[in-house]
Amino acid sequence: MNQFEMALHYLSTKASITARHINQIVLGQPQYTEEKYDKMVKESYNKNVWVYACVRAIARAAASIPLEVYEKGKDGELIKVENHPLQLLLDKPNEEHPRDDFMEAWVSFLMLSGNGYVEMNGPSDNGPPIELWLWRPERVEIVPGEESIKEIRLNVNGEAIALPYERALHTKLFHPTNDYFGLTPLQIAMRTVDMDNSTTDWNTTLVQNYAAPGGILRAPKDVKISDPERRRITRTIRRLWGGKHNAGKTHLVEGGLEYQAMGLSPKDMDFIDSRRMTREEICAVFGVPPQLVGIQDKSTYNNYKEARQAFHQDTVLPTLDKIVSSINHKLAPLYGARVVVGYDESKIEALQESANEKYERISNTDSFTLNEKRAALGQDEVPGGDVFFIPRNVVLMNESGDPVELALTIGQSMQPKERPNAEPPEEPEEKDALSIVKQAELKLRRKMSADAFNDSVDERSKIAERVIAGRFMEEHERIEEYLKGIKSIEDVKQSDIDAILSLEKEEWLAMMIALYSNFAKEMYDRERKLLKSQALKLNVKFDDYDFADVTEYMQEFIRVAAGDSVSYIHEWTRQEIRSILSEAFEESWAMSAVVREMKQLYFDDFMTHRSYRIARTEMMAAASYGKQQGVLSLNLPINKIWVSTYDSRTRDSHKYANQQTVDVKDYYNINGYSAMFPGDPELPAKERIHCRCVEVYEVRMDEV
């Protein structure tokens, strides 16, 4: 089975290939948590102030974030659904527990046991439930089946209530050594909790004994004390010095006994620092900033607000994501494939800016129009507010390099303004200035679009590079296996090498088509969605095609483009190998040297530099093609603009092509060659390999 057949096998197999082997070990035997949950809770949450404070802080914060029901649209956007049956269930899980109490208990169980169990109750075994009930973790056992978990059981008063695993939401934290249960932060913190509890108990006992550590009374050597007398002296000491009512009193004792302390003093043991250390460790394990549980002597955060923001971002939301993921895994699909549950971060108070901070940030931003700023602040638009402002210290230059003076100040529009009781001013200089500003803004927008596009190509190219390198590795293994079976260089046949490469060619083609198709589809969706959004804002009509309508057309192009690329790759490989074999034959190399040279060719060249070059070139072509098809699908009057990166690595021919503008259906002229987009497979290699140019689009507003 080759690499691609194995991948298809794994993708088509729903059950894990290891799950059945793991489950066979304990088949049908209930599995229990590793620690005694009830004992841990009694010693920590019920007894330790810091554990209680941390768990309560996480649970209450998570419970305060409302869960919302969405439906996925055709373009992947999420549309909130009001009064959805799942929303009603989440808002009222059952008749006994309000929504906030239910969520607080769910998160608390997750923090204390590493597991949260929710029963989806009725009315049928495979339909949406009518109630949700939480199960206490210490009462739950898991029963493995042959290939997956069969059921979970709730043990109450000696009776086990079984529930099919499909009707249970099992939320768990990661556990590195357990296949069925999550690892609670409490298990990690228990040694620290025990230390903190012991310190508290010691201090409490110490205070009850007049804040003095234990000791002994030593009698003179010539004095013999009987047992009854020893007991009487002990009772006397306890009566005189024991308890808070004897604090500060002075007593006279006879008998010449000498006191000798046993153990360390509170100062020697430094209990204050010890308790600080343990409480900080407990807070760290649960991910709670110390300020939020009443510890005010920390300077880790500048203020309480920053601590709340970090707490929500680093602890609360990841914990809530565990629960949301569990809901979306089993519960949401019962209401339809497009239904998902999530939350709106903009409604989380701890993550929002204050009104003053937001006003200052937006007011000092020059890239928004006046109306965009007012909308961001919740204010109504004003007439003439769809304009930008420029600061007073910006100097505009005309084409000759001379400064252009504009009678503009902050608060004034860049639109020409008539003077009262006078003829309107002459426009040429004003027009020149405005055109310069617009041109500069246009170039900046195109440059930002080009940078964002190249970032996407770079990211995808890294993935493609690893896939291509893996393909080269398999190709090398087959060639190496062939060469190791040859005794002499004279016995090596180029036709045998060609046959091996021909066999590899089909797998190369399948891989390249997959890479092309995935990235082209992604860029098709992204560019189409972006342009649709712009068209809607401009109230421009467009054709609402779906990707399925152009799939067949695109797949034909991708198949041809991928085939051409594979042929080029195949021929280049063949020539490089032929060159090595020719040299080996002329110089009568030993076969070990041939094998070594072939390995160096593949590992030092093909699987490094060449893999990157192929990945970058082909992903650029796929992305550019997908973008353009997304634009064409809207059937709008659009110009496309060739934007060059314009640095020391840019070809001269591509520098000359920079800002070349044509209709989206026309060809560019690149050094005498026709190209539909940057990286077009129709271009020769010298104009295509390592190309980093980008295509941007603009609607011709005079035609809509």
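Readers should treat all values here as calculations from the given coordinates under stated rules, not as data from a laboratory. As the structure is a prediction and not an experimental result, all values here were calculated from the model. All Cβ positions, glycine included, derive from the backbone under ideal geometry; neighbour counts span all protein chains shown.
Tally up the residues in the stretch 505-525 that are closer than 23 Å to R466 by Cβ and crowded, with 19+ Cβ neighbours inside 10 Å, please.
To start, the set of residues in the stretch 505-525 that are closer than 23 Å to R466 by Cβ comprises 505-523.
Checking the rest, the ones that are also crowded, with 19+ Cβ neighbours inside 10 Å come to 508, 511-512, 515-516, 519-520, 523.
So the count comes out to 8.
Picking from P128, P137, which residue would you name as being under 19 Å from L90 (Cα atoms) and either aromatic (F, W, Y) or touching a residue at least 12 places away in the same chain (Cβ under 8 Å) (or both)? Break it down into steps so the answer makes sense when it comes.
Details: P137 fails: under 19 Å from L90 (Cα atoms).
Going through P128, P137 in turn, the sole match is P128.
Take the residues of the stretch 58-83 that are acidic (D, E) and part of a loop (DSSP other than H, G, I, E, B): which is farthest from D344 (Cα to Cα)?
Here is the first cut: in the stretch 58-83, the ones acidic (D, E) are 68, 71, 75, 77, 82.
Subset that is part of a loop (DSSP other than H, G, I, E, B): 75, 77, 82.
Numbers: D75: 20, E77: 14, E82: 14 Å.
If we take residues in the stretch 58-83 being acidic (D, E) and part of a loop (DSSP other than H, G, I, E, B), then D75 is farthest from D344 (Cα to Cα).
Could you please tell me which pairs satisfy a Cβ distance under 7 Å, a separation of 6+ or placement on different chains, a first residue in the stretch 468-496 that is free of Cβ contacts under 8 Å to residues at least 24 places away in the same chain, and a second residue that is aromatic (F, W, Y) and surrounded by fewer than 18 Cβ atoms within 10 Å (Cβ to Cβ)?
Close Cβ pairs (under 7 Å, with a partner that is aromatic (F, W, Y) and surrounded by fewer than 18 Cβ atoms within 10 Å (Cβ to Cβ)) amount to D496/Y482.
Scan the stretch 150-172 residue by residue and report those that are touching a strand residue (DSSP E or B) at 6+ places or on another chain (Cβ under 6 Å) and farther than 19 Å from P93 by Cβ.
Of everything in the stretch 150-172, those that are touching a strand residue (DSSP E or B) at 6+ places or on another chain (Cβ under 6 Å) and farther than 19 Å from P93 by Cβ turn out to be K150, E151, R153, A160, A162, P164, Y165, K172.
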